[in-house]
Amino acid sequence: MSRVTPQLPLLLVVGPSGHGVVQYGADVAAALIADGAARVEVAPDSTAGRAVVERERSVHVHVTDRILGDSPEAAAAVIEQWAALCRLTITVHDVPQPSDGTMFARRAAAYHRMASAAEATALNSAHEQDLWREHIGTASLPAVIPLGSRIGRAPGTDAAASVADLVVLLAGFVYPGKGHRPAITAAAAAAADLRAGGGDVGRVVVRAIGAPSRGHESDVDALRADAEALGVEFEVTGFLADDAFAQALRAPGIPLAAHEHVSASRSMLDWVEVGRRPLVVDSRYAREMAELRPGTLHLYDPAALPAALADAWRTPSGTWQEAGTPLAPTLSDAAAAYAAWWQAS
């Protein structure tokens, strides 16, 4: 990465430390700090964030409506207030889309307000830019700076011989739409098909590597009951520290990213950074990521998930990347892109 200009905004990392958007903002900040030209402040919430903004001339923050307030309107008001106090640039995550249901119109209006107030806005994928063009609409189209990986190349593989158990692994929080229910149904169907063909399938397990999102604890009980009815064990690890999380991602099993309405996903990068090649539900965003980092994803049609799981059980080596597979753009690449964007904004 080339040396960046010292004329960078303060990097404000705001929100709960366990949130993916907050963590990614911290990762980008760390990449810029590594080059010696950035300053960062951490704030646990928007109230503490305002105290930082009030004393700065230029600030950048990674945001989603869900970490800035208890409603989309409250989050938009926070950004409008901050933009009145400094030169504010933002990267927005979780771009609204029709699958948000009854919240879609409110979220779209809030994101329009945030981008209209900010000096400049960035997104994390071309897919999000398309969503923006289709559903948000502002005077200028936000820039695209793809999510950066923590490492430049895939590590060595832990690929082992086939095991009898059919274990499906999903990373991240548990909440509706993340794909746990389709995974349970597909795992049961895959096991039945394999056994019918003479496959010696042992236990059938769907394992959520993470904890339920706040307010969705009861969903775990419902998923577990549904799984039990199909002869599937549903496991939830709960929150894991970074090293334990990475170890769980590398455990024997079939990595699956089945989020039904993703707009940009750190979870996909979590998989590829540990050398896995996850099954990813085919979508505009998934195709963009497969093109950006060739050889890192297996795309599947939702209706064909049982067959994809069966194939992965038969050939577990296919769930790993070739060692040394390029994973660029990296966080350093993203940091350089941000520096160039700020200079041009």
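Details
- Boolean, Pro326 is touching a Lys or Arg at 6+ places or on another chain (Cβ under 7 Å) and surrounded by fewer than 16 Cβ atoms within 10 Å (Cβ to Cβ): yes
- Filter result (of a type in the set (S, T, N, Q) and loosely packed, with under 15 Cβ neighbours inside 10 Å) within region 306-323: Thr315, Ser317
- Residue in region 148-163 that is part of a helix (DSSP H, G or I) and within 20 Å of Ser265 (Cβ to Cβ) present: no
- The set of residues in region 166-184 being out of contact with any Pro (no Cβ under 8 Å at 6 or more places or on another chain), of a type outside the set (A, V, I, L, M, F, W, C) and more than 17 Å from Arg276 (Cβ to Cβ) consists of Pro176, Gly177, Lys178, His180, Arg181.
Residue-wise test of (1) out of contact with any strand residue (DSSP E or B) (no Cβ under 9 Å at 6 or more places or on another chain); (2) surrounded by fewer than 16 Cβ atoms within 10 Å (Cβ to Cβ); (3) within 23 Å of Pro9 (Cβ to Cβ).
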{"residue": "Ala110", "(1), (2), (3)": "yes, no, yes"}
{"residue": "Met114", "(1), (2), (3)": "no, no, yes"}
{"residue": "Ala139", "(1), (2), (3)": "yes, yes, yes"}
{"residue": "Ala143", "(1), (2), (3)": "no, no, yes"}
{"residue": "Leu147", "(1), (2), (3)": "yes, no, yes"}
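Each row is one residue, and each column tells you yes or no for (1) farther than 30 Å from Ser218 by Cβ; (2) modelled with pLDDT under 95.
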position: Leu147; (1), (2): yes, no
position: Thr157; (1), (2): yes, yes
position: Val163; (1), (2): yes, yes
position: Gly177; (1), (2): no, yes
position: His180; (1), (2): no, no
position: Ala189; (1), (2): no, no
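The values are calculated or read from the model by the stated rules, or taken from the named source; none is laboratory data. A quick note: this is a predicted structure, and the numbers were derived from the prediction, not measured. Cβ sites come from the backbone with ideal geometry, for glycine too, and all protein chains shown count toward neighbours.
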